[in-house]
1. Give the residue, chosen from Ala26, Ala81, Ala86, that is assigned to a loop (DSSP other than H, G, I, E, B) and buried (at least 24 other Cβ atoms within 10 Å of the Cβ).
2. Name the residue that is farthest from Thr310 (Cα to Cα), counting only residues in the range 144-168 that are among the basic types (Lys, Arg) and in contact (Cβ under 8 Å) with a residue 40 or more places away in the chain.
3. State whether one or more residues within the range 294-311 are outside any loop (DSSP other than H, G, I, E, B) and modelled with pLDDT under 95.
4. If I filter the range 30-40 for residues that are assigned to a strand (DSSP E or B), touching a residue at least 60 places away in the same chain (Cβ under 8 Å), crowded, with 20+ Cβ neighbours inside 10 Å and of a type outside the set (D, E, K, R), do I get at least one hit?
5. Select the strands (runs of 3 or more DSSP E) contained entirely in the range 314-372, then report the ones holding at least 2 residues which are aromatic (Phe, Trp, Tyr) and in the same structural domain as Ala392 (by TED's automatic domain parsing).
6. In the set Ala155, Ala94, which member is of a type in the set (A, V, I, L, M), in a helix (DSSP H, G or I), closer than 30 Å to Leu82 by Cβ and at pLDDT 95 or above?
7. Quickly run through the range 255-270 and pick out the residues that are modelled with pLDDT under 95 and aromatic (Phe, Trp, Tyr).
8. In the range 415-437, what residues are touching a Phe, Trp or Tyr at 6+ places or on another chain (Cβ under 9 Å) and over 30 Å from Gly359 (Cα atoms)?
Amino acid sequence: MSFINPSPTKLGLVCLARLTFESPLAERWYTQARAMLDKLDGVGLCAIEKQVIEVTDADAAIAELRVKNIDALVILSGTFALGGLAMQLGQAFADIPLMLWAWQEPKEQTGKLRLNSLVGVNVNASNLYKLGHRPTTLYSSLDDPRTVETISKFALVAGIQRDLKNLRIAFIGGHAPGFDDLAVDKLNLRRATGVEVVDVGLQILVAKAKAVAEDRAHATSADLLKQFDDVVEISARQGDLFAALVIALTEFAAENKFDAMTLKCWGDLVEAYGIAGCGVVSILNDRGIYTGCEGDIMGTITTLIARRMTGIHPFLTDFVAVDRDANTGLMWHGGCGPVGLADPKQKKHLFTHFANGKGVTAGFGLKPGRVTLLRLGDDGRNLRMLATTATAIETEMEVRGTLSRVKFDTDGAAFLDEILSNGWEHHLVMAYGEIIPELEMLARAMKIPLTIK
């Protein structure tokens with residue numbers, strides 16, 4: 001298994017109850033809930049069959065769930081229950097995401113409150129919050145489509161948080177000159193998320209690429225260039241350098257079991273090897289070998305998170321312009337967007353680099369669609385997250401590079417002001433799909449602030 005092809009999320013499930021309410025009804029509904037959640041894709045359900053009513057029941061549930069090594073826990077208030085039970089469970093599983101689930105009262109009235117599930121969750125949410133937990137909450141009945149949808153998203157997010165703890169990223173060559181805003185404290189990052197960042201000298205990859213046999217590079221170049229409609233600017237020599245670097249980075253990631261990489265893709269690479277790495281990154285990202293531009297570690301982590309949430313390759317981008325009247329923004333990067341994101345109505349180009357003529361860089365407008373713009377970053381001390389939603393519209397390649405014009409759902413100028421006024425890093429991730437609910441769950445699980453504009 002890998003970060004992009006994960007193992008199922010082990011989802012713990014317990015049902016709290018109190019005998020002064022209709023616990024037999026809650027038990028019947030709980031049986032239905034277990035059957036429903038057992039069918040979720042990507043989930044291994046670890047349900048405690050017996051209702052948790054007493055402290056001893058909670059002890060037994062904790063012991064069973066620990067043996068199963070669960071990744072997340074759903075605490076269902078089948079009826080109102082004393083708050084100590086949820087606190088006991090929450091403290092036992094303080095390091096994994098928690099969800100508190102209340103269901104609605106039965107429609108049939110009997111003259112008294114039958115379950116009082118919502119008040120139970122309210123008590124538990126307040127208690128756990130004051131203990132430092134940030135549980136996700138759900139108030140919905142079994143037949144509400146939001147129930148399966150929300151719990152599925154919760155399990156997905158829990159799997160992401162689990163797998164971040166085992167993530168290894170190769171930091172190749174450092175970050176691009178002057179881009180200190182992209183720098184990270186590796187130990188703080190590992191403490192907060194579990195992500196391991198491994199420094200790799202640029203010369204190691206340059207030497208590996210130069211060692212690729214000429215005939216192999218030439219054959220690979222022919223295959224790579226077929227993915228583009230226009231390659232007239234690329235010489236045979238540049239094509240071979242391009243192919244050899246793709247081969248070297250692909251093999252390096254596999255040999256060293258890296259989940260992702262970042263690359264100092266211009267500057268030193270051009271001097272040491274002869275071409276910039278933008279087009280190489282375009283190919284690697286399209287293959288799911290996620291490689292962040294300019295040494296952007298947090299942008300690469302954001303890319304991986306977005307990929308898990310959407311199943312579609314994201315685009316690591318600069319935010320280069322806002323049209324206040326049209327409420328649009330231009331997302332652009334110098335040729336590193338995944339080639340598979342190209343608008344099928346437009347030509348895909350492979351150019352020499354726009355800045356120094358030493359390619360190879362991709363060029364195309366990205367396909368239209370609903371998108372989320374996001375960033376996992378830091379404020380100089382602590383992690384934080386930023387997001388907004390927009391629609392990517394048809395975009396001509398008005399400047400060289402990979403680019404997309406988006407129409408914001410809210411005020412694009414205000415989104416830009418948030419970035420500039422509060423010191424956000426200069427890269428965003430454009431993810432195809434609307435993933436704000438998943439990001440809210442992830443931010444709560446990671447106990448970090450999420451700014452939605």
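1. Only one candidate qualifies: Ala81.
2. Residue satisfying both the conditions and the ranking: Arg168.
3. No; the residues of the range 294-311 include none that is outside any loop (DSSP other than H, G, I, E, B) and modelled with pLDDT under 95.
4. Among the residues of the range 30-40, not one is assigned to a strand (DSSP E or B), touching a residue at least 60 places away in the same chain (Cβ under 8 Å), crowded, with 20+ Cβ neighbours inside 10 Å and of a type outside the set (D, E, K, R), which makes the answer no.
5. Hits in the range 314-372: 315-323.
6. Result: Ala155 is the single residue among Ala155, Ala94 that is of a type in the set (A, V, I, L, M), in a helix (DSSP H, G or I), closer than 30 Å to Leu82 by Cβ and at pLDDT 95 or above.
7. Within the range 255-270, Trp266 is the sole residue that qualifies.
8. Phe415, Leu416, Glu418, Ile419 - these are the residues of the range 415-437 that are touching a Phe, Trp or Tyr at 6+ places or on another chain (Cβ under 9 Å) and over 30 Å from Gly359 (Cα atoms).
The values are calculated or read from the model by the stated rules, or taken from the named source; none is laboratory data. These figures come from a predicted structure and were not determined experimentally. Glycine gets a Cβ as well: all are built from the backbone with ideal geometry, and neighbour counts include every protein chain shown.
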